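Worksheet for the structure shown next.
The values are calculated or read from the model by the stated rules, or taken from the named source; none is laboratory data. Fair warning: this is a prediction, and the values are worked out from it, not measured in the lab. Reconstructed Cβ throughout: ideal geometry from the backbone, glycine too, with neighbour counts over all protein chains shown. Accessible surface is based on the protein model in full, side chains and every heavy atom, while ligands, DNA and RNA are left aside. Shrake-Rupley method; radii C 1.70, N 1.55, O 1.52, S 1.80 Å.
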Amino acid sequence: MKYADFYQQSVNDPQTFWGNEAKAIDWQQPYSQVLDYSKPPFTKWFVGGKTNLCHNAVDRWAAKQGDKPALIAISTETNSEKVYSFAELQTEVMRMAAIMQALGVGRGDRVLIYMPMIAEAAFAMLACARIGAIHSVVFGGFASNSLATRIDDAKPTLIVSADAGSRGGKSVPYKPLLDEAINLAQHKPAHVLMVNRGLVDMPMVPTRDVDYASMREQHMQANVPVTWLESNEPSYILYTSGTTGKPKGVQRDVGGYAVALAASMKYIYCGNPGETYFSTSDIGWVVGHSYIVYGPLIAGMATIMYEGLPIRPDAGIWWSIVEKYKVTRMFSAPTAVRVLKKQPPEFMKKYDLSSLKALYLAGEPLDEPTSQWIASELGVPIIDNYWQTETGWPILSIAKGVEDKPTRLGSPGVPMFGYKVKVLNESTGAECEPNEKGVVVIDGPLPPGCMQTVYGDDERFVKTYWANFKEPAYSTFDWGIRDADGYYFILGRTDDVINVAGHRLGTREIEESISSHPNVSEVAVVGVEDKLKGQVAVAFAILKNPEPASTPEGRKALEAEVMAVVDKQLGAVARPARVHFVSLLPKTRSGKLLRRSIQALCEGRDPGDLTTIEDPASLQQIKSVLGA
Ligand code: AMP
């Protein structure tokens, strides 16, 4: 079938299109309506239908292929490897679900999961899905303040965590950060369920903290039935950064998400039951939700959860996994490929990679040299996909499962089924001509799987995403162009979000953290192009007392102090690569920081239109500290 026809049907007749796709999952009770868009921009999919993500990911496969591998947990940090069949996964998920219920978690309650890449993290997510609790996974690289904000927003009944993660062979303790976060937060969870990996000491808070291993002992025979949920009940919240310092809780449904994932696994990722999928992301990010845990399992595939670096013990580690488990589809980020590109190429050649059919890359722009290098090394198609935490699955890609349409270098592809993608002129809101730069937007209704709302704040959902143009359209906050053949090119964010090694960070959050340093009065953080990580954060701070920064040694010490504040509050993932000290920051006369001008100077570009600048000397200062 021609992809163009397939796509047209999806947007012209979404009821029929998604009604057909809904057959790929099990419904305990059929839906009465495919789509309810009576209150735009709020979208309801499969109204009245009852289903369950855990049933579709685990139980239905446990019944059909119980002894086939489901979850393959590999850690090169602790040198452990364990394969759980679908039947074993079901048993572990039921044990975890029973523990959660014993700790008072019920349907609609939130469970915050702050965990490294261990099997128990997947058990916890699936257990929530099973009993209708709403999980909110927080990336293990985030520190206490980030965690506290999320605790206060989600108000979890239970937090599931572990003693530590591990990176490059070094333990990264989680418990002290978690204790600190709970101290900082207004909301106090009733219980904290701790998985003890035996990596570091883990002092327990009496009555609040509960040991997972001993609870599991008590629930070995657990038989927890699936709780059938109406398709539009929430399944999870995943926080993501935006323009303000307060992260947004992206809320997703149950039925629409299951159907969208099943369709994407069929048409984009082309996965079949019994095959193995390997996504190198982390469960703390949306890719980890959709394509480590739910997507591959819903498709009946084995999924690999990998804890470790791509180059440890050596740069062949991922390829040895591909060989051993006959991985057919692999998903990673351009940054990881750039890391591998710097290693000697023989590591890849050592392994039999004949099982691999395609490599999917997402999370940040895929540059041509990286794409060409990995394509020639692997000899398989490299498929870029562009999407966001908000959408849950690709907006732009090439659906090889529908038609073997060629990819185009530098472009993530064409709109995926269900997405009415457009490029609008930033100021007039008119649709751009081919090859004209504008803001990438999506017309409603958003397809199944996309965010329902901002958790607890419908107004913020409407105001943030849908009110940027005269006509309501969902803004991706990305610049882009569409060429004459309908291929899109993504040209970076329109807002204050930066993308470091595929991780999305808000510059405002980093600024707020730096401002808490006792000697910082004001700060601007911008994303600056970086060969390896795509972008890095660079900070320009004004000091209350500039004296300590008057010598090179003093500046160095202060820079290290500021970085330590960010490490402690947000996590090393948000640490700026450089902190410069200035006495003025470029602002408009109305007091708005000119971040784009600062960024341009950092990247050696023209700072742009400066007619509204308050004090041009500020730019001079930036130039001089950069030159220093
Ligand atoms: P996140 O919500 O963390 O997945 O980040 C989403 C943002 O990452 C998008 O809005 C883009 O700015 C960027 N992004 C994701 N995938 C791609 C891609 N394939 N090409 C270019 N930018 C991308």
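Please report the antiparallel percentage of the DSSP beta bridges confined to the chain, to the nearest 5. Before the final figure, lay out the partial values.
Values: 60 of 103 bridges.
Close to 60 percent.
Note down the nm distance, to one decimal, between modelled labels 7 Å out along Cα→Cβ at Asp5 and at Lys39.
Going from the Asp5 label point to the Lys39 one covers 3.9 nm.
³J(HN,Hα) across segment 146-152 via Karplus (A = 6.51, B = -1.76, C = 1.60, θ = phi - 60°), whole Hz, x for Gly/Pro?
4, 5, 4, 4, 6, 5, 5
Would you compute, from DSSP H runs of 4+ residues alone, the mean residue ellipticity of the chain at 222 nm, taking -39500 (n - 2.57) per run and dividing by the full residue count, rounded to the nearest 500?
Values: 19 runs with 181 residues, N = 628.
Calculated mean residue ellipticity at 222 nm is -8500 deg cm²/dmol.
Assuming 0.36 nm per residue, please report the length gained on full extension of the stretch Thr16 to Val625 beyond their Cα-Cα distance. Present the calculation step by step, with values, prior to reporting the outcome.
Working: separation 609, 0.36 × 609 = 219.24 nm, distance 5.96 nm.
Fully extending the segment from Thr16 to Val625 adds 213.3 nm.
Provide the gained length on full extension for the span Asp211 to Thr243, in nm with one decimal, where the gain is 0.36 nm per separating residue minus the Cα-Cα distance.
Details: separation 32, 0.36 × 32 = 11.52 nm, distance 3.85 nm.
Length gained between Asp211 and Thr243: 7.7 nm.
Computing the accessible area with a 1.4 Å probe over protein heavy atoms, can you report the carbon and sulfur percentage for segment 164-241?
Details: 1990 of 3840 Å².
Of the solvent-accessible surface of segment 164-241, carbon and sulfur hold 52 percent.
Using the Kirkwood formula over every pair of different C-alpha atoms, what hydrodynamic radius in Å results for segment 532-601? Each step should come with its number before you reach the end.
Values: mean 1/r = 0.0744 Å⁻¹.
Its Kirkwood hydrodynamic radius stands at 13.4 Å.
May I ask for the Rg/Rh ratio of segment 336-442, computed from Cα atoms with Rh as the Kirkwood radius, given to two decimals?
Working: Rg = 16.4 Å, Rh = 15.8 Å.
The Rg/Rh ratio comes out at 1.04.
Specify which residue in the list Val528, Gly456, Gly300 is farthest towards the positive end of the charge dipole of the chain, using unit charges on the beta carbon of Lys, Arg (+1) and Asp, Glu (-1), about the Cα centre.
Most positive-ward Cα: Gly300.
What distance in nm lies between label points placed 7 Å from Cα along the C-beta direction at Arg596 and Asp152?
Spacing of the two 7 Å Cα→Cβ label points: 3.2 nm.
Once both labels are modelled 7 Å past Cα along the beta-carbon direction, what's the Asn435-Glu81 spacing in nm?
Distance between the two pseudo-spin positions: 5.1 nm.
According to the Cα gyration tensor, what semi-axes, each the square root of 5 times an eigenvalue, does the equivalent ellipsoid of segment 49-130 have, listed from largest to smallest in whole Å?
Details: eigenvalues 91, 66, 19 Å².
Semi-axis lengths for segment 49-130 are 21, 18, 10 Å.
Rounded, prolate or oblate for segment 582-626? Axes are the square roots of the Cα gyration tensor eigenvalues, ordered a ≥ b ≥ c, and the cut-off for rounded is a/c under 1.5. Kindly include the intermediate steps, with their values, before the conclusion.
Values: a/c = 1.93, a/b = 1.26, b/c = 1.53.
Verdict is oblate for segment 582-626.
Given a 1.4 Å probe, how much area per residue of the chain is accessible, in Å²? List each step's numbers first, then the result.
Details: 23810 Å² over 628 residues.
Computed with neighbouring chains in place, this is 38 Å² per residue.
Which order, highest average first, do 230-239, 401-410, 603-612, 449-458 follow once you tally other Cβ atoms within 10 Å for each residue and take the mean per peptide? Could you put the intermediate results ahead of the total?
Working: 230-239: 23.3, 401-410: 15.0, 603-612: 11.4, 449-458: 21.3.
Ranking the peptides 230-239, 401-410, 603-612, 449-458 by packing returns 230-239, 449-458, 401-410, 603-612.
Once the mean 1/r over all distinct Cα pairs of segment 84-209 is inverted, what Kirkwood radius in angstroms do you read off? All intermediate terms of the calculation are to be shown ahead of the outcome.
On the way: mean 1/r = 0.0688 Å⁻¹.
Final number for the Kirkwood radius of segment 84-209 is 14.5 Å.
Given axes a ≥ b ≥ c from the Cα gyration tensor, I'd like to know whether segment 147-252 is rounded (a/c under 1.5), prolate (a/b larger than b/c) or oblate.
On the way: a/c = 1.73, a/b = 1.10, b/c = 1.58.
Judged from the Cα gyration tensor, segment 147-252 comes out oblate (a/c at least 1.5, b/c at or above a/b).
Would you work out which of Pro415, Pro345, Ser235 lies farthest towards the positive end of the dipole of the chain, given +1 charges on the beta-carbon of Lys and Arg and -1 on that of Asp and Glu, about the Cα centre?
Most positive-ward Cα: Pro345.
Under the Kirkwood approximation applied to all pairs of distinct alpha-carbon atoms, what is the hydrodynamic radius of segment 337-380 in Å?
11.4
Which whole-number percent of Cα pairs in the chain have a distance greater than 44 Å?
On the way: 33333 of 196878 pairs.
The answer is 17 percent, as a whole percent.
Calculate the dipole size of segment 1-108 relative to its Cα centre from +1 charges on Lys and Arg beta carbons and -1 charges on Asp and Glu beta carbons; express the result in debye to the nearest 20.
In debye, rounded to 20, segment 1-108 gives about 300.
Using only alpha-carbon positions, what ratio does the radius of gyration of segment 1-153 give when scaled by 2.2 N^0.38 Å? If you can, show how the numbers build up before the last one.
Working: Rg = 18.9 Å, N = 153, 2.2 N^0.38 = 14.9 Å.
Ratio of Rg to 2.2 N^0.38 Å for segment 1-153: 1.27.
In terms of modelled amide H atoms, which long-range or inter-chain residues lie less than 5 Å from the amide H of Leu396?
Excluding prolines and chain starts, which carry no amide H, the hits are Tyr386, Met416.
Rank by packing, highest mean first: peptides 491-502, 105-116, with packing defined as the count of other Cβ atoms within 10 Å averaged across residues. If you can, show how the numbers build up before the last one.
Numbers: 491-502: 20.0, 105-116: 22.2.
Ranking the peptides 491-502, 105-116 by packing returns 105-116, 491-502.
Using all Cα-Cα distances in segment 254-373, what percent lands in each 10 angstrom bin from 0 up to the longest?
13, 45, 34, 7, 0
Taking the Cα atoms of segment 475-620, what is the range of coordinates along each of the three principal axes, in descending order and whole Å?
Here the spans come out as 58, 36, 24 Å, largest first.
Can you work out D for segment 472-557 in µm² s⁻¹ from Stokes-Einstein, where Rh is the Kirkwood radius over C-alpha pairs, the temperature is 25 °C and the viscosity is 0.890 mPa s?
Details: Rh = 15.4 Å.
D = 159 µm²/s.
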